[in-house]
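The values are calculated or read from the model by the stated rules, or taken from the named source; none is laboratory data. This is a predicted model, so every value here is computed, not measured. Every residue, glycine as well, gets a Cβ built from its backbone with ideal geometry; the counts of neighbours run over all protein chains shown.
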Amino acid sequence: MTSLALTRLTLTDFRSYAAATLPIAARMVLLTGANGAGKTNLLEAVSLLGPGRGLRGARVQELARLGATGWAVAGRFEGAWGPFEIGTGTPPEGPAERRVFRLDGAPARSQAELAERTAAVWLTPQMDRLFQEGASGRRRFLDRLVWALEPTHAREVAAYDNAMAQRNRLLAQGGDQAWLAALEDAMARHGVAATAARRALIARLNATPAMAGFPAAILGLRCGTADALAAGPALAAEDALRDALRAARARDRAAGATVEGPHRAELEMIHAGTAMPAALCSTGEQKALLVGTVLAHAGLIQAARGFAPLLLLDEVAAHLDAGRREALFAALAALPAQVWLTGTEADVFAPLRGAAQRFDVTPGGVAESATWPMA
């Protein structure tokens, strides 16, 4: 089975970097440096070499270095397709808010074309608050996992959101009933498709054995459309959602928004060993649940798509005790995935010495460590 690996990363006027090139020669890449040095910026650059807005979800114009008018990120890969290159950034002629993609030097036909060749999943310190914040963050987390396994999922979610935005505007204007019905039909079709993909991934994750050293998570999806799919065929679920939207027009007009639907779905996570909801678990247990889920997901991608995704783990050792860190490093060594890790203290990653390629990150600069030889 062919692995996906990034073998060179190049940045131009991206975030804190005027220019940087990282030649990658290992399956594990360790970025160490002080807080604020730019480690997460490098992970974000990797995450942008595929569809979507990257691990920060930033707008295009936010990515340029201070004082620069544009930015660019490029990566050389080895994978099932053989060697290939992906580039992204703002076009030389502008505008600054437009982002373009290139595949092997030619304009990419669509982001879906990139999704066929690459996949990346990540954990960031911001996700440590996943269970304390609103449902939207958990839903985005779930959708990223689905997207990495089913590249068409993003189109279904985007089509649903677009139809919903048009419906909301039309309701506010007291619009045409036939056009409202057409938009609600689109919402029903795309909403059921997106929900079906979410349910399918959850079922597969729940059936995947937990990684050694990490607690098993039981996932669930609280959503009326998910309940309808559990009770009957997709066409019946579409009919139910379409009817519910039609019946809710007056309520949604008054609210100025679509109050119920797949866009309100809630991802639930329960610690299998204690039957405790993740929101009530300790910070360390929450981190362990997320790490275990992401590692299991990487295994699913490998089995389904023929390659494991790039794993971007930002400050992943935080909140993990020594035993859990040891289990994490063992799990990463067992996965045929390229892993990018960040941390402020290199000593924490001492078990990876000789296996990981380490880079020292300083404000605006990055260089391979001279004190961390590869085996």
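Of A58, A80, A37, A18, which residue is touching a strand residue (DSSP E or B) at 6+ places or on another chain (Cβ under 7 Å) and either under 21 Å from L311 (Cβ atoms) or surrounded by fewer than 23 Cβ atoms within 10 Å (Cβ to Cβ) (or both)?
Result: A37 is the single residue among A58, A80, A37, A18 that is touching a strand residue (DSSP E or B) at 6+ places or on another chain (Cβ under 7 Å) and either under 21 Å from L311 (Cβ atoms) or surrounded by fewer than 23 Cβ atoms within 10 Å (Cβ to Cβ) (or both).
Could you list, ordered by first residue, the pairs with Cβ atoms under 7 Å in which the first is in segment 83-95 and closer than 11 Å to V73 by Cα and in a loop (DSSP other than H, G, I, E, B) and the second is modelled with pLDDT under 95 and among the charged types (D, E, K, R), at least 6 apart or interchain?
So the pair list comes out as T90/R98; T90/R99.
What tally of residues in segment 276-315 results from selecting those that are farther than 18 Å from L142 by Cα and among the hydroxyl-bearing types (S, T, Y)?
2
Can you tell me which residue among G67, G50, G54 is in a loop (DSSP other than H, G, I, E, B), without any contact (Cβ under 8 Å) to a residue 40 or more places away in the chain and closer than 22 Å to A115 by Cβ?
When all the criteria are applied, what remains is G54.
Among the candidates H297, H271, H319, single out the residue that is of a type outside the set (K, R) and in contact with a Lys or Arg (Cβ under 6 Å, 6 or more places away or on another chain).
H319
Return the residue satisfying two criteria in turn: it lies in segment 346-360 and is in contact with a Ser or Thr (Cβ under 7 Å, 6 or more places away or on another chain) and not basic (K, R), and of such residues it is nearest to L312 (Cα to Cα).
F359
Have a look at L328, L332 and point out the one that is modelled with pLDDT of 90 or more and closer than 18 Å to R27 by Cβ.
Matching residue, one of L328, L332: L328.
Can G70 be described as touching a helix residue (DSSP H, G or I) at 6+ places or on another chain (Cβ under 9 Å), at pLDDT below 95 and over 26 Å from D347 (Cα atoms)?
The answer is no for G70.
So A346 clears everything in (1) buried (at least 16 other Cβ atoms within 10 Å of the Cβ); (2) small (G, A, S); (3) under 28 Å from A303 (Cα atoms) except one condition, right? Which one?
Condition (3) is where A346 drops out.
In segment 305-331, which residue that is within 20 Å of A148 (Cβ to Cβ) and charged (D, E, K, R) is surrounded by the fewest Cβ atoms within 10 Å (Cβ to Cβ)?
By that ranking, first place goes to R305.
Just checking, which of W372, W340 is in contact (Cβ under 8 Å) with a residue 40 or more places away in the chain and part of a strand (DSSP E or B)?
Within the list W372, W340, the selection yields W340.
Which of the numbered conditions does V361 fail, given that it passes all the others? Conditions: (1) part of a strand (DSSP E or B); (2) aliphatic (A, V, I, L, M); (3) out of contact with any helix residue (DSSP H, G or I) (no Cβ under 7 Å at 6 or more places or on another chain).
Every listed condition holds for V361 apart from (3).
With P336, P351 as the choices, which residue is under 19 Å from V46 (Cβ atoms), surrounded by fewer than 20 Cβ atoms within 10 Å (Cβ to Cβ), touching a helix residue (DSSP H, G or I) at 6+ places or on another chain (Cβ under 8 Å) and not small (G, A, S)?
From the options P336, P351, the qualifying one is P336.
I'd like the residue in segment 185-216 that is of a type outside the set (A, V, I, L, M) and in a loop (DSSP other than H, G, I, E, B) and, out of all such residues, is surrounded by the most Cβ atoms within 10 Å (Cβ to Cβ).
This residue is F214.
Considering segment 229-268 alone, what residues qualify as being within 26 Å of A279 (Cα to Cα), surrounded by 14 or more Cβ atoms within 10 Å (Cβ to Cβ) and hydrophobic (A, V, I, L, M, F, W, C)?
Matches in segment 229-268: A265, L267.
Return the residues of segment 1-13 that are surrounded by 24 or more Cβ atoms within 10 Å (Cβ to Cβ) and within 20 Å of the chain's Cα centre (by Cα); say none if nothing qualifies.
If the condition is that a residue be surrounded by 24 or more Cβ atoms within 10 Å (Cβ to Cβ) and within 20 Å of the chain's Cα centre (by Cα), then L4 is the only one that fits.
Can you tell me which of W147, W122 is at pLDDT 90 or above and either surrounded by 14 or more Cβ atoms within 10 Å (Cβ to Cβ) or closer than 24 Å to L341 by Cα (or both)?
Selected residue: W122, the only one of W147, W122 that is at pLDDT 90 or above and either surrounded by 14 or more Cβ atoms within 10 Å (Cβ to Cβ) or closer than 24 Å to L341 by Cα (or both).
Filter segment 304-324 down to residues that are out of contact with any Pro (no Cβ under 8 Å at 6 or more places or on another chain) and over 21 Å from L114 (Cβ atoms), then give me how many there are.
9
From A279, A350, grab the single residue that is at pLDDT 90 or above, out of contact with any strand residue (DSSP E or B) (no Cβ under 9 Å at 6 or more places or on another chain) and hydrophobic (A, V, I, L, M, F, W, C).
A350
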